[in-house]
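Below is one structure, written out as structure tokens; comments come after it.
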Amino acid sequence: MLDSPMKPVSIGLLGLGTVGCGTVNVLVRNANEITRRAGRAIEIGMAATRDPARDRGCDTSGFELVQDPLEVVESPQVEVVVELIGGEQNAKDLMLRAINNRKHVVTANKALIAVHGNEIFEAAQMKKVMVAFEAAVGGGISIIKTIREGLAGNRIEQIAGIINGTANFVLTGMRDQDRDFAAVLADAQRLGYAEADPSFDIKGIDAAHKLTILAAIAFGIPLQYDKVYTEGIGQLTRDDIKHAGELGYQIKHLGIARRNRDGIEMRVHPTLIPQRRLIANVDGVMNAILVCGDAVGPTIHYGAGAGADPTASAVVADIVDVVRALTTDPENRVPHLAFQPGTLASVDIVAPDEFETAYFLSLTAVDRPGVLADVTRILGDLKISIEAILQKEPPGNDDTVPVIILTQRTRERYMNQAVSKIEALAAITQRVKRIRVEHFND
Ligand code: NDP
Ligand code: HSE
């Protein structure tokens, strides 16, 4: 152990679940190296959990366990509060209370930062304390630090990433194993990957929280969670994944934030990606985030997107940053949202109708002459070019066939019109399923 002349920094943990216990384990296991890096020893003073008696897979004998998180936030011994409870309102109240008490805060809570971050950062600025949130995006990948510091010389053009480990784990399981959606999701929950409410993972809400944060630090705009267009993976079937594969694509659940000529697109949805792209080959709980800067070009950041130890890696890195900064002039810290407060830009967020992307359309059509001609005419009238058409064998005894169409890029409003017209054809028997396609080759 480093023979440090300074007294240890005392931290208080709120929550000892998957991430809380992971954080205890990493702090204990790597105490020597962490102290050498931080310049001071870090000790856990106390931790709050609903049920202190429960055995939870980490050694809690070295610190005080309490039930009321306010005790941690109010304790004069605790210098740094680490919020790992999750949820919004309670976590927000606790965090603002900690800030008000001039304590630095570390959190893994993306919902809290995406929805209430603007208010929290303002409070932290007033009280001159740090709020660190590396674990909120990408699990163990240090993507916040990379964009905020490592790529600070760039104009960022685009961010696109697999940013929900649970959704990627479920899609990979559906593709590679003969298992249904619910069974794979249950595994993700057992492994500690899923949110307390797993619909946040499945409906894309968690990915939208993360995209909000990434877009803010990449483009220097305020956090605007309510402007993210969000679709989950609930509608995807094994057939969709199979048909995409036959055309040379993987389906991934992506968060995309990119500049277009009208402003900034922020969208979360299943996306077809050519199989040869690195990001198409990111499977299981792994996350990967593509960041394109004007100077650096495309960069990819890859690692475990969820789970106890990988997330703890990011939480502990933030704790080390806070401990190092305890001796630094508060005015000269890295700004929360990468750009100095007061310089955030008011850029238009593009309405979904104006998104530009290519499409995979899955149709169920009566198998008779002229139907495909009607469909292609509708697309042609709207100047939507077709890349490929695949007509599958009829799956049942009726006279319908699945038809898959890949289009070139178009504006979303033209595709909306095309889909309405196609669905109005008598020979189209079901709702048209559309999945956006991104080639990432520009
Ligand atoms: P868990 O549900 O595993 O843990 C939550 C912990 O908070 C539990 O220990 C629980 O106590 C405690 N808790 C909840 N409410 C209270 C309360 N009112 N008072 C005292 N203690 C309370 O969640 P995770 O560890 O998975 O997630 C924590 C945060 O980290 C969330 O914001 C999540 O989004 C984020 N995150 C999670 C990742 C992951 O892989 N799991 C990855 C990245 C971020 P008890 O154990 O007694 O029930
Ligand atoms: N539920 C989240 C996920 C945890 O699966 O990605 C990591 O943020």
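Can you give me the angle between helix 181-190 and the longest principal axis of the chain, using Cα atoms only, in degrees from 0 to 90, rounded to the nearest 10?
With both axes taken from Cα atoms, the answer is about 10 degrees.
Can you tell me what percent of all Cα-Cα pairs in region 244-342 are more than 22 Å apart? Present the calculation step by step, with values, prior to reporting the outcome.
Working: 2540 of 4851 pairs.
More than 22 Å apart: 52 percent of the Cα pairs in region 244-342.
State, to one decimal in nm, how far the label point of Thr343 lies from the label point of Asp93, with both points 7 Å from Cα in the Cβ direction.
3.8 nm
Enumerate by residue number the trypsin sites (Lys or Arg not before Pro) in region 158-228 meeting two conditions: DSSP loop (anything except H, G, I, E, B), and at most 15 other Cβ atoms within 10 Å of the site's Cβ. Please list the in-between numbers first.
Values: sites: Arg175, Arg179, Arg190, Lys203, Lys210, Lys227; in loops: Arg179, Lys203.
For trypsin sites (Lys or Arg not before Pro) across region 158-228 that sit outside H, G, I, E and B with at most 15 neighbouring Cβ atoms in 10 Å, the list reads Arg179.
Rg (Å, one decimal) plus Dmax (Å, integer) for the alpha carbons of region 352-437?
Every Cα atom of region 352-437 included, Rg and Dmax give 12.4, 40 Å.
Using a Gaussian network model of the chain with C-alpha springs under 10 Å, which one of Thr107, Thr400, Thr311 is most mobile by mean-square fluctuation?
Between Thr107, Thr400, Thr311, it is Thr400 that shows the largest mean-square fluctuation.
From the square roots a ≥ b ≥ c of the eigenvalues of the alpha-carbon gyration tensor of region 27-131, which class results: rounded (a/c under 1.5), prolate (a/b over b/c), or oblate? Walk me through the numbers before you get to the answer.
Numbers: a/c = 1.78, a/b = 1.28, b/c = 1.39.
Because a/c hits 1.5 or more and a/b fails to exceed b/c, region 27-131 counts as oblate.
According to the square roots a ≥ b ≥ c of the eigenvalues of the Cα gyration tensor, what is the shape class of region 151-303, taking rounded for a/c under 1.5, prolate for a/b larger than b/c otherwise, and oblate for the remainder? Intermediate values should be presented prior to the final figure.
On the way: a/c = 1.96, a/b = 1.50, b/c = 1.31.
Verdict is prolate for region 151-303.
If I take R0 = 41 Å and measure r between the Cβ atoms of Ala295 and Lys392 in this structure, what FRET efficiency does the formula 1/(1 + (r/R0)^6) give, to the nearest 0.05?
Values: r = 46 Å, r/R0 = 1.11.
So the FRET efficiency works out to roughly 0.35.
If you line up the long axis of helix 308-325 against the longest principal axis of the chain, both from Cα atoms, how many degrees apart are they, to the nearest 10?
Here the helix axis deviates by roughly 50 degrees.
Out of all DSSP beta bridges with both ends in the chain, state the antiparallel percent to the nearest 5.
On the way: 50 of 74 bridges.
Among the beta bridges of the chain, antiparallel pairing accounts for roughly 70 percent.
Output needed: Cys residues of the chain lacking any neighbouring Cys C-beta below 4.7 Å, sorted by number.
Cys292
Which angle between 0 and 90 degrees, to the nearest 10, do you get for helix 89-100 versus the longest principal axis of the chain when only C-alpha atoms count?
40 degrees
What does the highest-first list of 44-55, 256-267 look like by mean Cβ count within 10 Å?
Details: 44-55: 15.8, 256-267: 19.3.
Taking the mean over residues of other Cβ atoms within 10 Å, the ranking is 256-267, 44-55.
Restricting to Cα pairs below 8 Å that are 6+ residues apart, what does the relative contact order work out to for region 151-303? Please round to a whole percent.
On the way: 285 pairs, mean separation 54.4, N = 153.
Dividing the mean separation by the residue count of region 151-303 yields 36 percent.
Among the lysines, which fall within straight-line cross-link reach of Lys227, defined as a Cα-Cα distance under 22 Å, with same-chain neighbours fewer than 8 residues apart omitted?
The qualifying lysines are Lys92, Lys110, Lys203, Lys210, Lys252.
Taking the alpha-carbon centroid of each part, what is the distance from region 107-183 to region 233-293 in angstrom?
Region 107-183 and region 233-293 have Cα centres separated by 17 Å.
How high is the relative contact order of the chain, in percent, counting Cα pairs under 8 Å that sit 6 or more residues apart? Present the calculation step by step, with values, prior to reporting the outcome.
Values: 911 pairs, mean separation 70.1, N = 442.
It rounds to 16 percent for the chain.
Counting Lys and Arg as +1 and Asp and Glu as -1, what is the net charge of the other residues whose Cβ lies under 9 Å from the Cβ of Glu265?
Values: positive: Arg258, Arg259, Arg267; negative: Asp262, Glu354, Glu356.
After counting each charged neighbour, the total is 0.
How do 292-303, 414-425, 215-226 rank on mean C-beta neighbours within 10 Å, highest first? Can you show the working numbers first?
On the way: 292-303: 14.8, 414-425: 16.3, 215-226: 21.4.
Per-residue mean Cβ counts within 10 Å order the peptides as 215-226, 414-425, 292-303.
How much of the DSSP bridge set in region 151-303 is antiparallel, in percent, rounded to the nearest 5? Could the numbers behind the result be given before it?
Values: 29 of 31 bridges.
Taking every DSSP beta bridge within region 151-303, about 95 percent pair in antiparallel fashion.
Please state, rounded to one decimal and in Å, the Kirkwood hydrodynamic radius that region 110-160 gives when every pair of distinct Cα atoms enters the mean of 1/r.
Working: mean 1/r = 0.0802 Å⁻¹.
Taking every pair of different Cα atoms in region 110-160, averaging 1/r and inverting gives 12.5 Å.
Values in this text are rule-based calculations from the coordinates and carry no lab data. All of these numbers come straight from a predicted model, not from anything done at the bench. Ideal geometry is used to build each Cβ from the backbone, glycine not excepted, and the neighbour counts take in all protein chains shown.
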